[in-house]
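Just so it is clear, none of the values below were taken in a lab; they were calculated from the coordinates. As the structure is a prediction and not an experimental result, all values here were calculated from the model. No Cβ is skipped: glycine too gets one built from the backbone with ideal geometry, and neighbour counts run over all protein chains shown.
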Protein chains: 2
Amino acid sequence: MKLTEAKQHFISSWGAFGTHWGINRTMAQIHALLLISPDPLTQDDMMEELNISRGNTNMNIRELINWGLVERVLLSGERKEYFTAEKDIWKVVKQIVKERKKRELEPMLQLLDKLEAVEGDKRDKHVKTFVDTVSSIKKLGKQADKTLDTMIKAEESWFVSSLMKMFK
Amino acid sequence: MKLTEAKQHFISSWGAFGTHWGINRTMAQIHALLLISPDPLTQDDMMEELNISRGNTNMNIRELINWGLVERVLLSGERKEYFTAEKDIWKVVKQIVKERKKRELEPMLQLLDKLEAVEGDKRDKHVKTFVDTVSSIKKLGKQADKTLDTMIKAEESWFVSSLMKMFK
DNA sequence: CCGAATTTTCAATAATTATTGAAAATATAT
DNA sequence: ATATATTTTCAATAATTATTGAAAATTCGG
């Protein structure tokens, strides 16, 4: 397979992959493109490679910057802005985990805390099932939260080798 | 907070949560409803509780059954079908991980294998960056795949206590 | 400060995805 | 077998989400 074709495959399947994870296609594709680009790219480069409009490109680049996955680069002597993505995949994964934890897991745990304190007699099976379900989700969620915190701090080498031994 | 209100909150936020994970709102809400229901429910029960149409209810129940999260229950003397959800959250998580691994991670790893074998001179930085990116994603993906396999087999008690020690 | 280059915004539109509801198919009791 | 209850399908529609493109805002060199 030629590089051009391989790049197309990579970008389009990264985009499709993203849609399964609540990330929009274009955002994932821009990210994919930057991941495989040795040098920083401009908005125009991305528009051309991915055949998307200026507005779409711009909004999704900003979103990737918010996620901490892409950053602006200033190239001296150039008027245009350039962008580059973190290439260390372990760092990328940690960054995504960190953001999703903050945006989704933490608010969910806060809600569960409130819901667990529902009024009512636990001898009523409706109350009991509700409280039991909420409590068990909360328990697992809290554990996941701690685990992810540690993961976020970890080095890849440590992570891989520890897990290899642990889950052999 | 009263039970009725708490249930509403739980169902609607479980639905919103689902949409961040590529699961449609209704499917997540039906699942939530079944999780907190002490007894099996019929399609009509769900239609009424969630204010959704028969067709929508039916399609999403079947989808939940495909995911292995819900099953039919036959109640003797009843003409209607009843449905119930697995209540053990650890089993639920394992089932979801198992399915998503099969549906998303494994096909991605297969693709990466092919893309890694791209033609071209690795002294060309475009080729090099492409191959390096693909390889490192593949490496991490393969590790995740193994780790998840072990997790799928694990008992919750084992999982929680091991991780507690590991990630103290 | 001026003017050109560049970036950003956002209302309009397109594309995608979810939902309805009624008809068809299936199952069951008598 | 027939009538009735129940489930399933799916074309039509609604709702949501993504994308465009042109106008406005900003930046920056001279």
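Over chain B, dividing the summed -39,500 (n - 2.57) contributions of all DSSP H runs of at least 4 residues by the number of residues returns a 222 nm mean residue ellipticity of -21500 deg cm²/dmol.
Position B:K122: other-copy label points at 6.1 nm, ordered by increasing distance, label point 7 Å along Cα→C-beta. Note: relative contact order over the stretch B:89-166, using C-alpha pairs below 8 Å and six or more positions apart, is 41 percent. Taking other residues whose beta carbon is less than 12 angstrom from the beta carbon of B:K80, and scoring Lys, Arg as +1 and Asp, Glu as -1, yields -2.
Phi-derived couplings, Karplus 6.51 cos²θ - 1.76 cosθ + 1.60 at θ = phi - 60°, listed residue by residue for the stretch A:129-141: 4, 4, 4, 4, 5, 4, 4, 6, 5, 4, 4, 5, x Hz, with x used for Gly and Pro. Spin-label model, B:T42/B:Q110: points 7 Å from Cα along the beta carbon direction are separated by 4.3 nm. Using a 7 Å projection from Cα along Cα-to-Cβ, the label point at A:T42 is separated from the same position in the remaining copies by 6.7 nm, smallest value first.
Test of understanding: ordering B:D113, B:D121 by Cβ neighbours within 10 Å, fewest first, what list do you get?
B:D121, B:D113
Counting only aspartates and glutamates at least 8 places from B:K122 when in the same chain, those with an alpha carbon closer than 18 Å to its own are A:E5, A:D39, B:D113, B:D132. Counting only alpha carbon atoms, the long axis of helix A:54-66 and the longest principal axis of chain A meet at about 50°. Putting +1 on Lys and Arg Cβ atoms and -1 on Asp and Glu Cβ atoms, find which of B:N60, B:I23, B:T42 reaches farthest to the positive end of the dipole of the stretch B:13-70. Among B:N60, B:I23, B:T42, the one farthest towards the positive end of the dipole of the stretch B:13-70 is B:I23. Relative contact order, whole percent, for chain B stands at 15, derived from Cα pairs under 8 Å and 6 or more residues apart. Between helix B:156-166 and chain B there is an angle of about 40 degrees, using the helix long axis and the longest principal axis of the Cα atoms. With 27 Å as the limit on Cα-Cα distance, the pairs of A:K125/B:K98; B:K7/B:K146; A:K138/B:K153; A:K142/B:K7; B:K87/B:K138; A:K138/B:K138 that go past it are A:K125/B:K98; B:K7/B:K146; B:K87/B:K138; A:K138/B:K138. Distant-in-sequence amide contacts of B:G22, defined by a placed amide H-H separation under 5 Å and a gap of 5 or more residues or a different chain, comprise A:G22. Summary for A:H9: label point 7 Å along Cα→Cβ; distances to the equivalent points in the other copies, ascending, 5.0 nm.
Let me spell out the model: positive unit charges on the Cβ of Lys and Arg, negative unit charges on the Cβ of Asp and Glu, origin at the Cα centre of the protein assembly as shown. What dipole size does that give, in debye rounded to 20?
760
Dipole magnitude for the stretch A:3-85: computed about the Cα centre from +1 point charges on Lys and Arg Cβ and -1 point charges on Asp and Glu Cβ, it is near 220 debye.
Show me the trypsin sites (Lys or Arg not before Pro) within the stretch A:54-123 that DSSP assigns to loop and that have at most 14 other Cβ atoms within 10 Å of their Cβ. Hits after loop and neighbour filter: A:R79, A:K80, A:K122, A:R123.
Karplus-based coupling profile of the stretch B:72-82, in residue order and whole Hz: 5, 10, 9, 9, 5, x, 10, 7, 6, 8, 10, with θ = phi - 60° in 6.51 cos²θ - 1.76 cosθ + 1.60 and x standing for Gly or Pro.
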